[in-house]
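The values are calculated or read from the model by the stated rules, or taken from the named source; none is laboratory data. Not measured: the values here are computed from a predicted model. Every residue, glycine among them, receives a Cβ derived from its backbone with ideal geometry; neighbour counts consider all protein chains shown. What goes into the accessible areas is simple: the full protein's heavy atoms, side chains included, and nothing from ligands, DNA or RNA. Shrake-Rupley method; radii C 1.70, N 1.55, O 1.52, S 1.80 Å.
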Amino acid sequence: MRVNNLSVSYSGKEVLKDVTISVSKGKLIGIIGPNGAGKSTLIKAVLNLVRPSSGVATFDEKPMESIKKITSYVKQRVDHDLSFPIQVKDVVMLGAFPKIGLFKYPGKIHKKRVMDALQEVEMADFAKSQIGELSGGQLQRVFLARVLVQDAQLIFLDEPFAGIDADSEQKIMKILKKMRDDGKTIIMVYHDLNNVAEYFDEIIILNKEVVAHGDTKTCFTKENIARAYGASLIDIFGEEMPHA
């Protein structure tokens, strides 16, 4: 994916400025930065969910609008209406509609794919549960099952670990790494700097502008983190910074 000179303003206030990045296919990529850095806005602007004031994003040199069928976006949990009466299996089935069409009824092959995907994320036993009954970690795994059914090649996740326990986070990371190993490109907004080196192949360090981007081992440095967060490293990490 390539982003060229992307800027976004809200009510005349610039929240992203001249973001230019190129990320590799088949990688797990983290977007990190302080609160208000524009991390979620970057994803939304790339996906044309908010209108950039300038710039463009492409994937395989194609406009993002032209690859919707192979692009998946998992919003923050707080942005989902969990009171809506819908079963887990039906949420996952939504991943099939980009291919079968909104007004066509799913067949046996699609129903089997849904159950296979739920099995893959260890949520098959919850197929008939209402989504509002799930924990945060269970809900994220259901969304990943939907991504699997869609067979998306470019996947965006906005703070998928917000409000979930460490065990659920590890289960989800295991799924994401398998998807990465299967050739998917995964771009995730993430906040816990202590796990960055373990989780991501590449990172984008953002604070309205790009501070650094590229291979995690190269970019995840004390200097770059201090530049982005504008604080001492002890304030951010305590006495010891994780190693890339």
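Worth pointing out:
- For GLY26, the criteria (1) assigned to a loop (DSSP other than H, G, I, E, B); (2) without any contact (Cβ under 8 Å) to a residue 60 or more places away in the chain; (3) surrounded by fewer than 19 Cβ atoms within 10 Å (Cβ to Cβ) hold in every case but one, which is (2).
- Flag if LYS222 is at negative phi, open to solvent by 20 Å² or more (accessible area, probe 1.4 Å) and either among the aliphatic types (A, V, I, L, M) or at pLDDT below 95 (or both): yes
- The requirement of being closer than 27 Å to LYS208 by Cβ, assigned to a loop (DSSP other than H, G, I, E, B) and of a type in the set (Val, Ile, Thr) is not satisfied by VAL56.
- Between ILE43, ILE70, ILE31, the distinction of being within 18 Å of LEU157 (Cβ to Cβ), at pLDDT 95 or above and in contact with a helix residue (DSSP H, G or I) (Cβ under 9 Å, 6 or more places away or on another chain) belongs to ILE31 only.
- Matching entry among ASP151, ASP181, ASP158 (being in contact (Cβ under 8 Å) with a residue 12 or more places away in the chain, surrounded by fewer than 23 Cβ atoms within 10 Å (Cβ to Cβ) and farther than 19 Å from LYS39 by Cα): ASP151
- For segment 137-161, filtered to residues that are in contact with a helix residue (DSSP H, G or I) (Cβ under 6 Å, 6 or more places away or on another chain) and over 15 Å from GLY95 (Cα atoms), the residue that is modelled with the highest pLDDT is ASP158.
- Yes/no for ALA145 being among the hydrophobic types (A, V, I, L, M, F, W, C), free of Cβ contacts under 8 Å to residues at least 24 places away in the same chain and within 18 Å of SER168 (Cα to Cα): no
- Test: residue in segment 200-214 that is modelled with pLDDT of 95 or more, exposed (fewer than 14 other Cβ atoms within 10 Å of the Cβ) and either of a type in the set (Phe, Trp, Tyr) or under 27 Å from LEU6 (Cα atoms) (or both): no
- Scanning segment 73-81 turns up one or more residues that are in contact with a strand residue (DSSP E or B) (Cβ under 8 Å, 6 or more places away or on another chain), within 18 Å of GLY136 (Cα to Cα) and assigned to a loop (DSSP other than H, G, I, E, B).
- Scanning segment 29-54 for residues that are closer than 19 Å to GLU65 by Cα and open to solvent by 10 Å² or more (accessible area, probe 1.4 Å) yields SER40, THR41, LYS44, LEU47, ASN48, LEU49, VAL50, ARG51, PRO52, SER53, SER54.
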